[in-house]
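Notes follow the structure.
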Amino acid sequence: MRVLERLGEIYAIGDGAGANRVGGTAEEFDQFGDALAVGDFNGDGRADILFRRQDGTLEIFLMNGFQLLAAQSIGLVGLEWRPVAVADFNGDGKADILLRRVTDGALEMDLMNGFQIISASQVAVVGLEWTFVGAADFNADRRADLLFRRADGMLVMLLMNGTQLLASQSAGKIGTEWRVVGIGDIDGNGAADIVVRRTDGTLFSLQMSSFNVVSTQNLGIIGNEWENCYGESHSPVIGLN
């Protein structure tokens, strides 16, 4: 599912053609689209929507397709914290929230059960020279891990078990003419892979097994008139990556 906003109205695009209006509207000052992510917060197999307002208030819309089931604020986070990812970090089938502090790179993980924050813990500090790329399950344990990239192209991966950092290690280095455009399980082995795109539009996939690049594959060239499409994934929160 993808979500859009027009003049304060919220729209959802499903797997089929067309877009339907979701009940409710974006608030006047909520910066809709600049702090937005989708994930299954209540474990019903359907994507829900996370919003953040300018004052730091987080709100979840529980969805059933185009139907808004319930909406509730889950709390207020300081403006020095930015939501960067929504993913299942503890393997309970429900999406959790990862925040990063802009002043020092500290990471906080909020484990969720619907609208309820089960626990909130600081899990690591990753220096600001590292840009957050995304969250996905790189070691096939059904728990999302973290990927960062430095300006010189170096990748570092943090393997997670909920709020516990299991291991961190370099996952290789890619040229600065390449940017990471997606992470997900491309080859169906249960471990997330990395898709990179060169400035000329060339796409490559990096098949991963934890920290290791198992193989690479040229996926072809897509013209630069085509941009990335963000939907239900564990990539960074839209607008905050």
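Scan segment 208-225 residue by residue and report those that are more than 22 Å from Ala136 (Cα to Cα) and either surrounded by 10 or more Cβ atoms within 10 Å (Cβ to Cβ) or in contact with a strand residue (DSSP E or B) (Cβ under 8 Å, 6 or more places away or on another chain) (or both).
Gly220, Ile221, Ile222, Asn224 - these are the residues of segment 208-225 that are more than 22 Å from Ala136 (Cα to Cα) and either surrounded by 10 or more Cβ atoms within 10 Å (Cβ to Cβ) or in contact with a strand residue (DSSP E or B) (Cβ under 8 Å, 6 or more places away or on another chain) (or both).
Does segment 117-129 contain at least one residue that is buried (at least 21 other Cβ atoms within 10 Å of the Cβ), of a type outside the set (Phe, Trp, Tyr) and in contact with a Phe, Trp or Tyr (Cβ under 8 Å, 6 or more places away or on another chain)?
Looking only at segment 117-129, we keep the residues that are buried (at least 21 other Cβ atoms within 10 Å of the Cβ), and these are none.
Checking segment 117-129: not a single residue is buried (at least 21 other Cβ atoms within 10 Å of the Cβ), of a type outside the set (Phe, Trp, Tyr) and in contact with a Phe, Trp or Tyr (Cβ under 8 Å, 6 or more places away or on another chain).
For segment 166-193, name all the residues that are buried (at least 19 other Cβ atoms within 10 Å of the Cβ) and in a loop (DSSP other than H, G, I, E, B).
Ile174, Ala191, Ala192
Report, by residue number, each residue of segment 186-206 that is more than 19 Å from the chain's Cα centre (by Cα) and closer than 18 Å to Ala140 by Cβ. Can you show your working first?
Here is the first cut: in segment 186-206, the residues more than 19 Å from the chain's Cα centre (by Cα) are 187-189, 198-204.
Scanning segment 186-206 gives Asp187, Gly188, Asn189.
Which members of segment 85-109 meet the condition of being surrounded by 21 or more Cβ atoms within 10 Å (Cβ to Cβ) and over 15 Å from Asn161 (Cβ atoms)?
Within segment 85-109, Ala85, Val86, Lys94, Ala95, Ile97, Leu99, Arg100 meet the criteria.
Give the residues of segment 31-52 that are open to solvent by 20 Å² or more (accessible area, probe 1.4 Å) and either in contact with a Ser or Thr (Cβ under 6 Å, 6 or more places away or on another chain) or modelled with pLDDT under 55 (or both), sorted by residue number.
Gln31, Phe32, Gly33, Asp34 - these are the residues of segment 31-52 that are open to solvent by 20 Å² or more (accessible area, probe 1.4 Å) and either in contact with a Ser or Thr (Cβ under 6 Å, 6 or more places away or on another chain) or modelled with pLDDT under 55 (or both).
Look at Ser215 and say whether it is within 15 Å of Phe132 (Cα to Cα), among the hydroxyl-bearing types (Ser, Thr, Tyr) and part of a strand (DSSP E or B).
Values: within 15 Å of Phe132 (Cα to Cα): no; among the hydroxyl-bearing types (Ser, Thr, Tyr): yes; part of a strand (DSSP E or B): yes.
So Ser215 fails the test.
Pairs only if they're at least six apart or on different chains, beta carbon under 9 angstrom, first in segment 141-154 and farther than 17 Å from Ile194 by Cβ, second among the acidic types (Asp, Glu) and in a loop (DSSP other than H, G, I, E, B); list them, first residue then second.
Arg142/Asp88; Arg143/Asp88; Arg143/Asp137; Ala151/Glu129
State which residue pairs qualify: first residue touching a residue at least 40 places away in the same chain (Cβ under 8 Å) and inside segment 190-212, second residue charged (D, E, K, R) and open to solvent by 10 Å² or more (accessible area, probe 1.4 Å) in any location, beta carbons under 7 Å apart, and separation of 6 or more residues or different chains.
Here the result reads Ala191/Asp137; Ala191/Asp185; Ala192/Asp137; Ala192/Asp185, each pair linking segment 190-212 to a residue that is charged (D, E, K, R) and open to solvent by 10 Å² or more (accessible area, probe 1.4 Å).
For segment 103-165, which strands (runs of 3 or more DSSP E) that fit wholly inside it have 3 or more residues that are farther than 18 Å from Ile183 by Cβ, in contact with a Ser or Thr (Cβ under 9 Å, 6 or more places away or on another chain) and among the small types (Gly, Ala, Ser)? Please lay out each step first, then the result.
Details: elements: 106-113, 116-125, 130-136, 145-150, 154-161.
Those strands (runs of 3 or more DSSP E) span 116-125.
Within segment 64-86, can you find the residues that are assigned to a strand (DSSP E or B), touching a residue at least 40 places away in the same chain (Cβ under 8 Å) and out of contact with any Leu (no Cβ under 9 Å at 6 or more places or on another chain)?
If the condition is that a residue be assigned to a strand (DSSP E or B), touching a residue at least 40 places away in the same chain (Cβ under 8 Å) and out of contact with any Leu (no Cβ under 9 Å at 6 or more places or on another chain), then Gln67 is the only one that fits.
Among the residues of segment 58-84, which ones are aromatic (Phe, Trp, Tyr) and either open to solvent by 50 Å² or more (accessible area, probe 1.4 Å) or within 15 Å of Gly39 (Cβ to Cβ) (or both)? Can you show your working first?
Going residue by residue through segment 58-84, those that are aromatic (Phe, Trp, Tyr) are 61, 66, 81.
Those that are aromatic (Phe, Trp, Tyr) and either open to solvent by 50 Å² or more (accessible area, probe 1.4 Å) or within 15 Å of Gly39 (Cβ to Cβ) (or both): Phe61, Phe66.
Being surrounded by 15 or more Cβ atoms within 10 Å (Cβ to Cβ) and not in a strand (DSSP E or B) is the requirement here; does Asp55 meet it? I'd like the intermediate steps shown before the answer.
Values: surrounded by 15 or more Cβ atoms within 10 Å (Cβ to Cβ): no; not in a strand (DSSP E or B): yes.
No.
Out of (1) under 15 Å from the mean Cα position of the chain (by Cα); (2) under 21 Å from Gln217 (Cα atoms); (3) acidic (Asp, Glu), the odd one out for Glu177 is which?
(1)
The values are calculated or read from the model by the stated rules, or taken from the named source; none is laboratory data. Small disclaimer: the values here were computed from a predicted structure and weren't measured. Note that we place each Cβ from the backbone using ideal geometry, even for glycine, and neighbour counts take in every protein chain shown. Accessible surface areas use protein heavy atoms only, side chains included; no ligands, DNA or RNA. Shrake-Rupley method; radii C 1.70, N 1.55, O 1.52, S 1.80 Å.
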